[in-house]
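Notes for the one structure printed next.
Any read-out appearing in this document is the output of simple, stated calculations on the displayed coordinates, not a laboratory observation. Quick caveat: nothing in here was measured; it's all calculated off a predicted structure. When we count neighbours, we look across all protein chains shown, and the Cβ atoms used for this are built from the backbone with ideal geometry, even at glycine.
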Amino acid sequence: MPETQQRIIAHFDLDAFFVSVECLNDPSLKGKPLIVGGHNERGVVCACSYETRKFVVHSAMPMKSAMRLCPQAIVVSGSYKDYGKYSQWVTDIIAENAPLYEKASVDEFYIDLTGMERFFEPYKWTIQLREKIISKTKLPISFGMASSKLVAKIATDEAKPNGYLYIPPGREKEFLAPLLVSKIPGVGKHTCKALNDLGINTIEDISRQSTSLLEKYFGKYGADLWNKSNGINVHQVVNMRRAKSISTENTFFENSTDLTFLLSEVVRMTEKIAYELRQDQKIAGCIAVKIRYSDFETTSRQVSIDLTDYDDELIRKAKDLFRKLYRNKKSVRLLGVRLSHLSDQGQQTDMFGDDERKSALYRTIDEVKNRFGFNSLSKAAYK
Ligand SMILES: [Mg+2]
């Protein structure tokens, strides 16, 4: 993509997501002051309806304080399984329609429509996508559209609840100028107060400061604030095209009974899809091997594995599966390997701790593959 190309980013955010799901589950809650969160002494507010926000109740607030501000609020503990289900539903609708999207959180998505204006009108398309999500899931959702992720996200916030807003290119600064500094994502209570103490109240106030003054008070973050206040934001939408599985199949030129050859093919194919898996920044929780014999009898076998994107672990499993599946001496026509139960890579670190050294190794191998082609580095044969 050339540097100068005008980017078109849509940011979607479900309105009071948990609350909306609770209202779908129990329509009598609709329009009532509702809080999702812990009932007990130390409970905190996870989400709250717009009716409670009028009483300055907000998420992360201790439940005790929330109940003091809005004693009539109805508190529910939250149906987290349903939140996941609805989140996935919305993700699926976006994945079906959008050319490139990123799931930023359980209820937040970016869609990159840069270049799509040649095929359709991006703003109209996004309005229709929003209508589709609402008519299918019955969940209220808002979007902002702009030339960067940052401005699109702030536009969504301004469009809420249940609306949408387009900031045409060239109008970013004008849109941001009158907004309070707290509207910048990441500017919390403390930064907000520090800015206000300096007489800086609006985003325009920040943009008028010198970066050196902002850096004096906020360090590196000062320059970041200045860039944001000027609508400068270069973050890319991270493609999360949600493939259900990654697989490869190979029909042989000649049917084979050669175990060494067949195993080396299993290794080669597994390496290929493991590479693709890492390129998609995914990890797999399931691996399958398929064999088609020369008489077209087809058998396959799969096994659940600890989430991984490492060649050696995947290859070991694939070879295991092949050995269990293969009927000796029978002539093989086709082999297939498939990875499924894919998750986003970030989860691996959370769940199992990160094996830094191995990750670095495979990143290096992938970089070589990216530069010199896939076959430049390959495990010579099966071990
Ligand atoms: Mg939301």
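The gain in end-to-end length when the Asn162 to Gln281 segment is fully stretched comes to 39.6 nm, 0.36 nm per residue minus the alpha carbon separation.
Would you mind classifying segment 80-195 by shape? Square roots of the alpha carbon gyration tensor eigenvalues, ordered a ≥ b ≥ c; an a/c under 1.5 is rounded, otherwise it is prolate if a/b is larger than b/c and oblate if not. List each step's numbers first, then the result.
Details: a/c = 2.14, a/b = 1.27, b/c = 1.68.
Cα axes put segment 80-195 in the oblate bin.
Computed from the alpha carbon atoms alone, the convex hull of segment 237-288 holds 94 Å³ per residue.
Which number comes out as Rg/Rh for segment 3-144 once both Rg and the Kirkwood Rh are worked out on C-alpha atoms? Kindly include the intermediate steps, with their values, before the conclusion.
Details: Rg = 17.5 Å, Rh = 16.4 Å.
When Rh is taken as the Kirkwood radius, the ratio is 1.06.
Overall dimensions of segment 131-191, expressed as equivalent-ellipsoid semi-axes from the Cα gyration tensor (√(5λ), whole Å, largest first), are 23, 15, 8. The relative contact order of segment 7-100, computed from alpha carbon pairs under 8 Å that lie at least 6 residues apart in sequence, is 26 percent.
With n ≥ 4 as the cut-off for DSSP H runs, can you work out [θ] at 222 nm for the chain, using -39500 (n - 2.57) per run divided by the number of residues, rounded to the nearest 500?
Details: 15 runs with 162 residues, N = 383.
Here the helix-only value at 222 nm equals -12500 deg cm²/dmol.
Report the label-to-label distance for Ser340 and Ala194 in nanometres (one decimal), using points 7 Å from each Cα along the Cα→Cβ vector. It works out to 5.0 nm between the two label points. Taking all Cα pairs closer than 8 Å and separated by 6 or more residues, the relative contact order of the chain comes to 13 percent. Within the same chain, lysines fewer than 8 places from Lys138 are excluded, and of the rest, those with a Cα less than 18 Å from its Cα are Lys30, Lys32, Lys81, Lys85, Lys160.
Please give the peptides 31-43, 155-167 ranked by average Cβ packing (other Cβ atoms within 10 Å per residue), highest first, as a rough proxy for protection.
Working: 31-43: 16.7, 155-167: 18.2.
Highest to lowest by the protection proxy: 155-167, 31-43.
How much length is gained on full extension from Arg53 to Lys30, taking 0.36 nm per residue of separation minus their Cα-Cα distance?
Values: separation 23, 0.36 × 23 = 8.28 nm, distance 1.46 nm.
Roughly 6.8 nm would be gained on extension.
Since only Gly163, Leu262, Gln5 are under comparison, the one whose Cα sits farthest along the positive direction of the charge dipole of the chain, derived from C-beta charges on Lys, Arg, Asp and Glu, is Leu262. Each Lys and Arg Cβ is given +1 and each Asp and Glu Cβ -1; about its Cα centre, the chain then shows a dipole of about 680 debye.
In the elastic network of the chain, a GNM with C-alpha springs shorter than 10 Å, the most mobile of Phe12, Phe120, Phe109 is Phe120. Its Cα gyration tensor gives segment 13-92 an equivalent ellipsoid. The semi-axes, each the square root of 5 times an eigenvalue, are 21, 13, 11 Å from largest down.
So between Gln88 and Ser304, what do we pick up on full extension, going 0.36 nm a residue minus the alpha carbon distance? Present the calculation step by step, with values, prior to reporting the outcome.
Numbers: separation 216, 0.36 × 216 = 77.76 nm, distance 2.15 nm.
Extra length from Gln88 to Ser304 when fully extended: 75.6 nm.
Counting only DSSP beta bridges with both residues in segment 1-168, tell me the antiparallel percent, nearest 5. Percent antiparallel among DSSP bridges in segment 1-168 is about 75.
Only lysines eight or more places from Lys220 in sequence, or on another chain, were considered; those with a Cα closer than 17 Å are Lys228.
Using all pairs of distinct alpha-carbon atoms, the Kirkwood hydrodynamic radius of the chain works out to 24.4 angstrom. Among 148-154, 280-286, 71-77, the peptide with the highest mean count of other Cβ atoms within 10 Å heads the list, and the full ranking is 148-154, 280-286, 71-77.
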